[in-house]
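Presented below is the structure to which this report refers.
The values are calculated or read from the model by the stated rules, or taken from the named source; none is laboratory data. Quick caveat: nothing in here was measured; it's all calculated off a predicted structure. Because the Cβ atoms are built from the backbone with ideal geometry, glycine has one as well, and the counts that use them run over all protein chains shown. Protein only, heavy atoms only, side chains kept; ligands, DNA and RNA dropped before computing areas. Shrake-Rupley method; radii C 1.70, N 1.55, O 1.52, S 1.80 Å.
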Amino acid sequence: VVASAAVDSAEIGLEPVYPHTNPERTRLLAPSEIEEALQTLPGWEAKHGVLFKTFTAGSFRDAVALIVRISYPLERLDHHPEIRNIYGKVYVGFTTYDQGKQITALDVETALAVEAALQGEVTGGGH
């Protein structure tokens, strides 16, 4: 069983390489805005500055396929989550380093794109 807890990537030596260039996309969200966003993101949680969800896949291969499928909108949006694949469970967590590891409009936009990709829809914007 995978714990649905946020992990600080700095603990394992991962830090962002470059900042996002559009300040509106990385606008910090107020707690009320995060709660509103969670209403449109079933199964997602927000804790400790991370917007995250743990998906269940049938097997290791299914989990890897899920990761590949969501990689397309992640690349289009140029926002990459922390991803963990453990025993058919895939943890996806978004935070914006440019804003002190807090939840931003970009995190919500990208989480929505992940959900759409898993429903077979194509989404994603850019800078």
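A few notes on this one:
- Selected residue (only one of ASP78, ASP107, ASP98 is in contact with a Phe, Trp or Tyr (Cβ under 6 Å, 6 or more places away or on another chain) and of a type outside the set (A, V, I, L, M, F, W, C)): ASP107
One line per residue, one yes/no per condition, for (1) touching a residue at least 24 places away in the same chain (Cβ under 8 Å); (2) open to solvent by 30 Å² or more (accessible area, probe 1.4 Å); (3) in a helix (DSSP H, G or I); (4) not hydroxyl-bearing (Ser, Thr, Tyr):
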position	(1), (2), (3), (4)
LEU41	yes, no, no, yes
ALA46	yes, yes, no, yes
THR54	yes, yes, no, no
GLY93	yes, no, no, yes
LEU106	yes, no, yes, yes
LEU112	yes, yes, yes, yes
ALA117	yes, no, yes, yes
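- Residue count, the range 73-88 (criterion: modelled with pLDDT under 95, open to solvent by 60 Å² or more (accessible area, probe 1.4 Å) and either under 15 Å from ALA46 (Cα atoms) or not in a loop (DSSP other than H, G, I, E, B) (or both)): 3
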